[in-house]
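Q: Please find one structure pasted underneath; my questions will follow.
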Amino acid sequence: MRLPLSESVSSRLGSLEVLHEIDSTSEYLKRTRTQNNANSIRVCAAERQSSGRGRRGRRWVSPYGANLYLSLAVQLGKAALRSGGLSLAAAIAVLRALQDCEIRGVGVKWPNDIFYQGRKIAGILLDLSGESSGPFYVVLGIGINLKMPESAAREIDQPWADISQTGVKVDRNHLAGTILEALVQAIDTFGEKGLEAFIPEWNQFDMLSGRAVELHYDEEPMITGIARGIDASGALLIEENGVTRHFNAGEVSVRVA
């Protein structure tokens, strides 16, 4: 896989592995964790994932050679993660990359899903490990639907879209390189400025804001209200009976009512 990366990003890559088949690109990076320097980035991509994961333990359908399955691992200090919201910043990075590839009509759904015309086209999963005092080992897994085979599509249990439906032809290697560039830039910006630097774009592309939503939270009864964007830490704001409540990602599931 030859990726169109800038020299500044290429110099940061500690490793770039492209595998034929793996259980999960993110799990692979966690299993093979090494003691890299703080600026070193490890990347793994695969043609197929046998156990791709989404949020809340859901399966990410990953047929061979059809889509983009890519994970990035980096070490970050406690200060960089204190503000919260790294997964939201990563979602904005993926959205930027899709736009750079001339894909329009995309938006973000809290906390880190990318939608095209109301259907999910990409997802992000963040895994965090380390001691409470830091540093932390962060693995960002990215799944983007490029051209989903009909046989695999039958296994998806929610409205979905792929890039082929946008009418834009995108080379997979070019897309992977564009996403890596955007992710590295977003991680660096997040480390310096926190989520605040991404909130204006989030507000612009937030597909939930102002809409009636249903929120499922742990074992609590379903909550219904109006989505009111996010706060400075990336928590979802829900107005319920005139009272605004804050919800962190965790085990929260939200959908348009």
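The values are calculated or read from the model by the stated rules, or taken from the named source; none is laboratory data. Quick caveat: nothing in here was measured; it's all calculated off a predicted structure. Here the Cβ is made from the backbone with ideal geometry for all residues, glycine too, and neighbour counts use every protein chain on show. Areas reflect the complete protein model, heavy atoms only, side chains present, ligands, DNA and RNA absent. Shrake-Rupley method; radii C 1.70, N 1.55, O 1.52, S 1.80 Å.
Q: Based on the alpha carbon coordinates of the chain, what radius of gyration and maximum Cα-Cα distance (Dmax) apply, in Å?
A: Spelled out, the Cα radius of gyration and Dmax of the chain are 17.6, 53 Å.
Q: Another question, if that's okay. Enumerate the lysines that residue 120 could reach by cross-link, defined here as Cα to Cα under 21 Å, with residues fewer than 8 away along the same chain left out.
A: Within the straight-line cut-off, residue 120 pairs with 109, 147, 169.
Q: Please get the size of the charge dipole for the chain, origin at its Cα centre, with Cβ charges of +1 on Lys and Arg and -1 on Asp and Glu, quoted in debye to the nearest 20.
A: Values: 28 positive and 30 negative charges, 65 e Å.
Computed about the Cα centre, the dipole is about 320 debye.
Q: Stokes-Einstein D for segment 1-143 at 25 °C, 0.890 mPa s, Kirkwood Rh over Cα pairs, in µm²/s? Display every interim value, and only then the final one.
A: On the way: Rh = 15.9 Å.
For the chosen part, D equals 154 µm²/s.
Q: How many percent of the accessible area of the chain is carbon or sulfur, using a 1.4 Å probe? All intermediate terms of the calculation are to be shown ahead of the outcome.
A: Numbers: 5440 of 12110 Å².
That share works out to 45 percent.
Q: Could you pull out which residues in segment 53-79 have an amide N less than 19 Å from a spot 7 Å beyond the Cα of residue 218, following the Cα-Cβ vector?
A: 56-57
Q: Another question, if that's okay. Rounded, prolate or oblate: which one fits segment 151-257, using the alpha carbon gyration tensor with axes a ≥ b ≥ c (rounded when a/c is under 1.5, else prolate when a/b beats b/c, else oblate)?
A: Oblate shape, in that a/c is at least 1.5 and b/c is the bigger or equal ratio.
Q: Could you sort the peptides 115-126, 87-98 by per-residue average Cβ neighbour count (10 Å cutoff), highest mean leading?
A: Top of the packing list down: 87-98, 115-126.
Q: Ordered by packing density, taken as the mean number of other Cβ atoms within 10 Å over each peptide's residues, highest first, how do 3-13, 23-33 rank?
A: Packing proxy ranking, top to bottom: 23-33, 3-13.
Q: Rolling a 1.4 Å sphere over the protein heavy atoms, what is the accessible area per residue of segment 110-232, to the nearest Å²?
A: Solvent-accessible surface per residue comes out at 47 Å².
Q: To the nearest whole percent, what portion of all C-alpha pairs in segment 154-193 is separated by more than 11 angstrom?
A: Everything past 11 Å amounts to 73 percent.
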